[in-house]
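Peer 1: Quick one: structure below, then a few questions.
The values are calculated or read from the model by the stated rules, or taken from the named source; none is laboratory data. Everything numeric in this text was worked out from a predicted model, so none of it was measured. Backbone-built Cβ (ideal geometry, glycine too); neighbour counts: all protein chains shown.
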Amino acid sequence: MNKPIVIALTKGRPLSQLIDLLARLGIRPKDNLKQSRKLVFPTNDRLVQLMVLRGMDVATYVEHGIADVGMVGKDVLLEYGGNGFYEPIDLDIVKCRIVVAGLVDENSLPRRIKVATKFVEVTKRFYAHKGVQADIIKLSGAMELAPLMGLAHRIVDIVETGDTLRANGLEEKELVAEVSARLIVNKVSLKTKYEDVQDIIKRLGVLCP
Ligand code: PRP
């Protein structure tokens, strides 16, 4: 008998759009993913299970082959690196940007700036590429506070509508990367569960050309 395909979804803001996309594939969880405290969910297809995780953990579970397939933001993939999975499809949903932001009324910047972010690797690469000296301060949330309270000159963060920046007197200064949700596939699963995984890739390819 075939083993179930395990699909890892990113919790939080992306989840609704990911559930809608799965529904278009005919995959429907048996429980309400947003309300349930469960972490693994059966679906109407007894050969498909869903897991709901933070973005970084989606990448980790797929890299290690516990989940065969994942749906996760490009922001996470840029930060995570890793080479245990392929990224065959841009799902073209949950779109946002990684940007450098700073105070609207900011003083002139020193040569060596402080940048607060949770995207440490992305930020290092960005400033190294520009040849700008940046000390990176790792934060895990509420990034917008950092320039406001004088912890850092700039932040590197996700912007979707721009409302959070505006509400805190910040503005976008530079674009780092455009972001959308991606399908990732464990390299081994693609071989051992070839038909089922390939079927998902093909059907998503038709929906997200
Ligand atoms: C993200 C990001 C910003 C906000 C931007 O945080 O860190 O704070 O969304 O969205 P906007 O441009 O539409 O205002 P999120 O709410 O996802 O929570 P997080 O801090 O846990 O990442």
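Peer 1: In the set V48, V62, V76, V69, which member is in contact (Cβ under 8 Å) with a residue 12 or more places away in the chain and more than 30 Å from F126 (Cβ to Cβ)?
Peer 2: Only one candidate qualifies: V48.
Peer 1: Is one or more of the residues making up segment 100-107 without any contact (Cβ under 8 Å) to a residue 12 or more places away in the chain and either among the basic types (K, R) or more than 13 Å from the ligand (Cβ to nearest atom) (or both)? Spell out the reasoning first.
Peer 2: Residues of segment 100-107 without any contact (Cβ under 8 Å) to a residue 12 or more places away in the chain: 107.
Imposing the further condition that a residue be either among the basic types (K, R) or more than 13 Å from the ligand (Cβ to nearest atom) (or both) reduces the set to 107.
Within segment 100-107, one or more residues are without any contact (Cβ under 8 Å) to a residue 12 or more places away in the chain and either among the basic types (K, R) or more than 13 Å from the ligand (Cβ to nearest atom) (or both).
Peer 1: Take the conditions within 15 Å of the ligand (Cβ to nearest atom) and at pLDDT 95 or above and apply them to V122. Does it pass?
Peer 2: Taking the combined requirement at face value, the residue satisfies it.
Peer 1: Of all residues in segment 104-122, count the ones that are under 15 Å from E79 (Cα atoms) and either among the hydrophobic types (A, V, I, L, M, F, W, C) or assigned to a strand (DSSP E or B) (or both).
Peer 2: Total satisfying the criteria: 5.
Peer 1: Under 7 Å between Cβ atoms, which residue pairs at least 6 apart in sequence (or on different chains) link something in segment 162-173 that is closer than 14 Å to A142 by Cβ and assigned to a helix (DSSP H, G or I) with a partner that is of a type in the set (D, E) and near the ligand (Cβ under 8 Å from one of its atoms)?
Peer 2: Partner pairs satisfying both residue conditions: T164/E144; L165/E144.
Peer 1: Starting from segment 7-20, keep only residues that are in contact (Cβ under 8 Å) with a residue 60 or more places away in the chain, then list their pairs with residues that are within 13 Å of the ligand (Cβ to nearest atom) and β-branched (V, I, T) whose Cβ atoms are within a distance under 7 Å, requiring at least 6 positions of separation or different chains.
Peer 2: P14/V94; Q17/V94; L18/T10
Peer 1: Being near the ligand (Cβ under 8 Å from one of its atoms) and within 30 Å of D68 (Cα to Cα) is the filter here; which residues of segment 140-188 pass it?
Peer 2: The answer is S140, G141, D157, I158, V159, E160.
Peer 1: May I pose another question? Looking at segment 140-152, I want the residues that are in the same structural domain as V115 (by TED's automatic domain parsing) and have a partner that is within 14 Å of the ligand (Cβ to nearest atom) and of a type in the set (S, T, Y) with Cβ atoms under 8 Å, at least 6 apart or on another chain. Which pairs are those?
Peer 2: M143/T117; E144/T164
Peer 1: All but one of (1) more than 20 Å from the chain's Cα centre (by Cα); (2) crowded, with 16+ Cβ neighbours inside 10 Å; (3) of a type in the set (A, V, I, L, M, F, W, C) hold for V188; state the number of the condition that does not hold.
Peer 2: (2)
Peer 1: Can you tell me which of (1) touching a Lys or Arg at 6+ places or on another chain (Cβ under 8 Å); (2) in the same structural domain as V197 (by TED's automatic domain parsing) is the one R46 doesn't meet?
Peer 2: (1)
Peer 1: I need a count of the residues in segment 173-209 that are in contact with a helix residue (DSSP H, G or I) (Cβ under 6 Å, 6 or more places away or on another chain) and of a type in the set (K, R).
Peer 2: Qualifying residue count for the region: 1.
Peer 1: Exactly one condition in (1) crowded, with 17+ Cβ neighbours inside 10 Å; (2) not in a loop (DSSP other than H, G, I, E, B) is not met by R125; state its number.
Peer 2: (1)
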